[in-house]
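The structure appears below as structure tokens.
The values are calculated or read from the model by the stated rules, or taken from the named source; none is laboratory data. No experiment lies behind these values; they were computed from the predicted model shown. Reconstructed Cβ throughout: ideal geometry from the backbone, glycine too, with neighbour counts over all protein chains shown. Calculation scope for accessible area: heavy atoms of the full protein, side chains included, ligands and nucleic acids excluded. Shrake-Rupley method; radii C 1.70, N 1.55, O 1.52, S 1.80 Å.
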Amino acid sequence: MLRRKMLRDLFQNKGSYLACIIIIIIGLSNFTSYSLVRDSLTRAQQDFYQQQNFADGFIEVQAMPYDQVEKLRDIEGIQDIQGRIVKDLRVMFPGRDDNVTLRCVSLDFSQMKILNDVKLLQGSALSERENTIWVDNKYFEANKLSLNQEIEVIAGGEKKSLRVVGMGCSPEFIFAIRNAGDQYPDPQTFGIAFIPLKVMKSLLEQGEINNLTFTLKPGAEYKDVENKLKAELNPYGLKSMAARKDQISHFSLTLQLDSMKTNSIIMPSILLAIAAMILFITLKRMIERQRGQIGILKAIGYRRKEILLHYMAHAFLIGLMGGLIGCICGLMMSYGTIAMYKSFYNLPGFEGRISFAYFLPGIGFSLIFALFAGYRGSLRALLLEPSEAMRPAAPESGKESIFERNRFFWNMFTVPGRMAVRNISRRPGRTAFLFLAIVLTFALLAFSWSFKKLGDETITDQYQKLQTYNLKVVLAAPQNEKAVFQEASRYPGVNYAETMAEIPVTLKKDWLKKDVTILGLAAGSKLYHVRDNDGREVQFPRDGILLSERLAQLLDAKVGTVISVAGLMMADPETDKELQVSGIVTQNFGLNGFMEIESLQNLIGQNNLCTSLILQVDQDKISQFQEDYRNTAAVNGIEDSTTIMKQTQKAMGVFKIATIFMVIFGMIIGFAITYNASQITISERIKDLAMMMVLGMKPKEAMSVVTFEQWLIGILGILAGIPLAKLLMQVTSQTISSDLFTMSSQMDNIAFVSAFLVTFISIWIAQRLAARKIRKLDLVEVLKDRE
């Protein structure tokens, strides 16, 4: 009998229970999919690192004799250290004008174990007697290469042929980007090539290495060997030195894993808590309506435990259905999520697979929330004695509310309005639930919509408002800025040119320090603009430095703070200089300090130095300019801002799809919450509404009492949702922001307007469904007392 009663109860409250199940499904889908993807990514990463001997440290120098590397093995804490040559070479594909680059990395086959070794996926062994190479598999596929195909590169200002004999991947380039300024890999224009060390020396006509990698002995730490290595390598022009945690590919992968962990816990917990709240109130109201039934069940012999389990079975069934379907959906979603991440991460073994590892935890997670809500909601059924349960509940005592005491406020309302306000004050629990429902709905929608819009605006602002140049010429070595400027200015089609100095330094404040690049730009630059948080352009100070917002946070620096600057390109690398922070600016991509170029030249003691050139060139002259200068020995590369922007927008397509799903989930959750809140309100006041209609009110007039109440709470909830949405954005910004990308915490007004419209529509639709329920009421059935 109790089973039949349970099925009947579930059917009568199908709307509320269905919305509850949907919220559980969305929460468990996120938990299962992100957990499965994170496990697969972590396992593939660890296996790949171990198999291919991923290094613990990475060093870049100007030039160092190969035979000097062996001496560094004697440094305490170092297990293995190897030297190599790393050089970016331009690839000449027939019929293509785009800037295609291969980062050529030498492989020293004389080593017992090559650090950052290549996993060959297809092809044959490299030969040290001919110009054979392996390329990374992403580049191989994107450029439709074939085995034994000849490609031409520019090396030392000359065209040279290389034969592709295989494709593979290395743990050093799982996330293969040209530099920290790039946000996403673009294998069509940038890839990695692996060449035998002897072939590399012959190709570049140089015998010295410019790059080193090392591993640490068990128990040793990077900081234990850092200063010792610097002392040994300074004579060879030490450019940079980084631990594994700061290596771009590993850093990006670690950041993504941390983000997945957060996503798999926080959002599912919030959604399951919402579902538990709905379930608790639904069961509590249902038990209040079924007092007489509970009394009869106890009177005919059912024990309290049986009745409690009967009502908790509602919660168990909802939790089980939601958890099971959610885990299945999460398993299917994991395949799509892995496919999305595989477009960015070149990691063998990172594959979707059928795994039920998170089914039991996921379903258990769902059942814990559901059963707790069911127990709390059903507990009242244990306290009722049969004789008490079979009597109608005593009417609640009425008293003048705080609103009624304020006569000016009270007289503003009509009779239905006064009824609604009085009910709000007398039902604080239900009012709080509806209020929180509206707050969460609005905040989720505003946050999701703003997150979606942020991607488009960030790219547009970066390449159309901040970096207004269309070409950037990266020099192979520092040059005299006057000579470079004159050369570029004379070229036909160049409308405007500015020199730039990009100087790697270490910024320090107390015990905090950060390795960054200071950008030296022309005073009053027309091609590179920096702005503050309010969008106002900031001029470069004659003395002092501007810090990006995130860099200022990492150094705990404010305007007026004095920081120390050290760098190998300074005239005296052993002596730190001091700079005052003149301003804090916004920077979306990268992590930099900004100075006026002449001030930066004075700081490092090298007048008229520049490392790159930014240009505004006529569109019809860009290809010719690239063709004339790209192959010269003085130029390391030419970046086309328009092409980079298009490539970034293409890569961001996956991000946009994810944010669209986020918006859709927000809309579903929002409607589910508001619908449930509306149904609970109607079920709680169904007898009051029936009484109004018996006294002569039309269904529409009776419904207006409820709608007025919901709109009043809705408006207050929307106002309270604005700061919550901003808080969500700030927390997400702090979580996602990194040295590669800084996410703005500013929210667009359109996001708030969109969230308001969707929330408004959700409430309106919920009220229409509730009004249909009121029109179908059997007034006699509702009002009669059951004996």
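Inspection of the range 268-280 identifies no residue that is buried (at least 20 other Cβ atoms within 10 Å of the Cβ), under 22 Å from the mean Cα position of the chain (by Cα), of a type in the set (S, T, N, Q) and modelled with pLDDT of 80 or more.
Among the residues of the range 132-159 satisfying the criterion of being touching an Asp or Glu at 6+ places or on another chain (Cβ under 9 Å) and surrounded by 16 or more Cβ atoms within 10 Å (Cβ to Cβ), which is nearest to Gln51 (Cα to Cα)? Across the range 132-159, the extreme among qualifying residues is Ala142. Would you say Leu120 is within 27 Å of Arg244 (Cα to Cα) and not aromatic (Phe, Trp, Tyr)? Yes. Within the range 479-501, residues that are assigned to a helix (DSSP H, G or I) sit with their Cβ atoms under 9 Å from residues that are surrounded by fewer than 18 Cβ atoms within 10 Å (Cβ to Cβ) and of a type in the set (Gly, Ala, Ser), at 6+ positions apart or across chains, in these pairs: Val484/Ala634.
Might you check whether a residue that is touching a helix residue (DSSP H, G or I) at 6+ places or on another chain (Cβ under 8 Å) and on the phi > 0 side of the Ramachandran plot occurs anywhere in the range 552-566? No, because not a single residue in the range 552-566 is touching a helix residue (DSSP H, G or I) at 6+ places or on another chain (Cβ under 8 Å) and on the phi > 0 side of the Ramachandran plot.
Kindly evaluate Pro185 against the criterion of being open to solvent by less than 30 Å² (accessible area, probe 1.4 Å) and assigned to a loop (DSSP other than H, G, I, E, B). The answer is yes for Pro185.
Could you count how many residues in the range 138-174 are in a loop (DSSP other than H, G, I, E, B) and at pLDDT 90 or above? I'd like the intermediate steps shown before the answer.
From the range 138-174, those in a loop (DSSP other than H, G, I, E, B) are 143-148, 156-157, 170, 174; that's our starting set.
So of that shortlist, the ones also at pLDDT 90 or above come out as 143-148, 170, 174.
Selection size over the range 138-174: 8.
Counting just the residues of the range 52-62 that are touching a strand residue (DSSP E or B) at 6+ places or on another chain (Cβ under 6 Å) and either in a strand (DSSP E or B) or among the charged types (D, E, K, R) (or both), which one comes out surrounded by the fewest Cβ atoms within 10 Å (Cβ to Cβ)? Applying the filter and picking the extreme gives Glu60. For Asn116, the conditions (1) touching a helix residue (DSSP H, G or I) at 6+ places or on another chain (Cβ under 9 Å); (2) crowded, with 20+ Cβ neighbours inside 10 Å; (3) under 21 Å from Ile151 (Cβ atoms) are fulfilled apart from (3).
Whenever a residue of the range 294-320 is over 22 Å from Ile21 (Cβ atoms), its partners that are of a type in the set (S, T, N, Q) and open to solvent by 30 Å² or more (accessible area, probe 1.4 Å), lying with C-beta atoms within less than 8 angstrom and at least six residues away or across chains, give the pairs Gly295/Ser387. Only one entry of Val505, Val538 meets the criterion of being of a type in the set (A, V, I, L, M, F, W, C), open to solvent by 30 Å² or more (accessible area, probe 1.4 Å), out of contact with any helix residue (DSSP H, G or I) (no Cβ under 8 Å at 6 or more places or on another chain) and closer than 21 Å to Ile614 by Cβ, and that entry is Val538. Between Ser35, Ser29, Ser16, the distinction of being under 30 Å from Ile673 (Cβ atoms), at pLDDT below 85 and surrounded by 18 or more Cβ atoms within 10 Å (Cβ to Cβ) belongs to Ser16 only.
Just a yes or no: is a residue in the range 282-291 closer than 30 Å to Met662 by Cβ and modelled with pLDDT under 85? Checked the range 282-291: at least one residue is closer than 30 Å to Met662 by Cβ and modelled with pLDDT under 85.
With the condition kept exactly as written, say whether any residue in the range 618-629 is part of a loop (DSSP other than H, G, I, E, B), of a type outside the set (Ser, Thr, Tyr) and on the phi < 0 side of the Ramachandran plot.
Among the residues of the range 618-629, at least one is part of a loop (DSSP other than H, G, I, E, B), of a type outside the set (Ser, Thr, Tyr) and on the phi < 0 side of the Ramachandran plot, which makes the answer yes.
Name the single residue that is most open to solvent (accessible area, probe 1.4 Å) among those in the range 77-108 being part of a loop (DSSP other than H, G, I, E, B) and at pLDDT below 90. Out of the qualifying residues, it is Pro94.
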